[in-house]
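Asks: Before I ask anything, let me first share the structure, which is written out below as structure tokens.
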Amino acid sequence: MSDDAHDAHAVHDAYDEERELRVFLERAVPRPQAPASRLARVRERAARSRRRRIAAGAAASVAGLALAGVLVPQALRPSVDPEVVPPAATPPSRPSTGERDVTYRELGGGLTLRLPADWQALAVPADDRTKSPPVGFAGTQRLTPYKQPCEPDEPGGWCNPLDRIDPEDGALLALRSDKEGGLDKRATAPPRFTSGTLRKSCALAGGGLSFTAVLESPEPGRVIVANLCLAPGDSKPRLAEANRIIGSAHFGTEGSPPATAPAKN
């Protein structure tokens, strides 16, 4: 065999050996899975990782809120109880919120009372036709002037500026100027209501309790008589309120609105 033939045969043998080796390796080593399968597994692992991160973040948020609910109020709360400081007293000359001063100009030259926000005021001038003196009213309901001339049914009485007082907690205050006649001995400073016999004028309005207070007047020889008519219900709160009203009485205050009509709501 020539050298050329021998070389060709050697090359052919080497090629056969290489092919057999490649076939052997392909059979011995498994081929990798298709790219689509690997991508699906990668996506699944990424989804599981994302779900774990979301769950961990939610747990951390809940824990943070719970911790804030405990810590924030503690941070805002003073380390020690604050000192209790009483409110400043309101000067007597200035009404508190909701209160107002009203003046009955025909009584004592200008009787002024401080009324709560829910009280009405009315001043009825003297009536020459019935020879009735001027009367001032204050009450917890709407008050209206008489439509016709009215004369009281009793000495020292009054004509009611309403049909009936509220049976639960109604109150009506009637004010008039009167001669001393010994009444000045009943005047107190500050004035306060004392219980007495039920007045006919009060009973006609549906009242069940009568009280009287006497105020010294700047007019010589005269006093201001205040008659309080209360509903037969729980009278203690209204009586206390009426005592504060009559205790605020003073005369000659300029600038206070006259008690000539019901207060507007």
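Asks: I'd like the projected area of segment 93-194, averaged over all directions, using the convex hull of its alpha carbons. Report it in nm² with one decimal.
Replies: For the Cα atoms of segment 93-194, the hull's average projected area reads 8.0 nm².
Asks: Hey, another quick one. Please go through segment 153-252 and write out the GluC sites (Glu not before Pro) that DSSP classes as loop and that have at most 12 other C-beta atoms within 10 Å.
Replies: Sites meeting the loop and neighbour criteria: E168.
Asks: Which Rg and Dmax, in Å, describe the Cα atoms of segment 194-239?
Replies: Expressed in Å, the Cα Rg and Dmax of segment 194-239 come to 12.4, 39.
Asks: Here's another thing I want to ask about it. Any chance you could check the Cα centroid distance between segment 115-138 and segment 167-208 for me, in angstrom?
Replies: 14 Å
Asks: Apply the a/c threshold of 1.5 to the C-alpha gyration tensor of segment 136-265 and tell me whether it is rounded, prolate or oblate.
Replies: Taking the square roots of the gyration eigenvalues as a ≥ b ≥ c, segment 136-265 is rounded.
Asks: Further, regarding this structure: If you put +1 on each Lys and Arg Cβ and -1 on each Asp and Glu Cβ, how big is the dipole of segment 156-252 around its Cα centre, in Debye rounded to 20?
Replies: In total the dipole reaches around 240 debye.
Asks: Got a number for carbon plus sulfur as a percent of segment 184-254's accessible area, 1.4 Å probe? Each step should come with its number before you reach the end.
Replies: On the way: 1900 of 3610 Å².
After summing per-atom areas, the C and S share lands at 52 percent.
Asks: List the lysines whose alpha-carbon lies under 19 Å from that of K147, not counting same-chain residues fewer than 8 positions away?
Replies: K131
Asks: Follow-up question, since we're still on this one. Within 12 Å, Cβ to Cβ, of K200, how many net charges do the neighbouring residues add up to if Lys/Arg are +1 and Asp/Glu are -1? Let's see the in-between values first.
Replies: On the way: positive: R199; negative: D153, E154.
After counting each charged neighbour, the total is -1.
Asks: Give me the 1.4 Å probe accessible area per residue for segment 149-224, excluding ligands and nucleic acids, in Å².
Replies: 54 Å²
Asks: Something else: Around G136, with a cut-off of 11 angstrom between Cβ atoms, what is the net charge of the other residues, counting Lys and Arg +1 and Asp and Glu -1?
Replies: It works out to a net charge of +1.
Asks: Give the peptides 144-157, 186-199 in descending order of average Cβ contacts within 10 Å, highest first.
Replies: Ranking, from highest mean packing down: 186-199, 144-157.
The values are calculated or read from the model by the stated rules, or taken from the named source; none is laboratory data. For clarity, every value in this text was computed on a predicted model and none was experimentally measured. Neighbour counts are summed over all protein chains in view; Cβ atoms, including those assigned to glycine, are modelled from backbone coordinates with ideal geometry. The accessibility values were calculated without ligands, DNA or RNA, using every heavy atom of the protein model including side chains. Shrake-Rupley method; radii C 1.70, N 1.55, O 1.52, S 1.80 Å.
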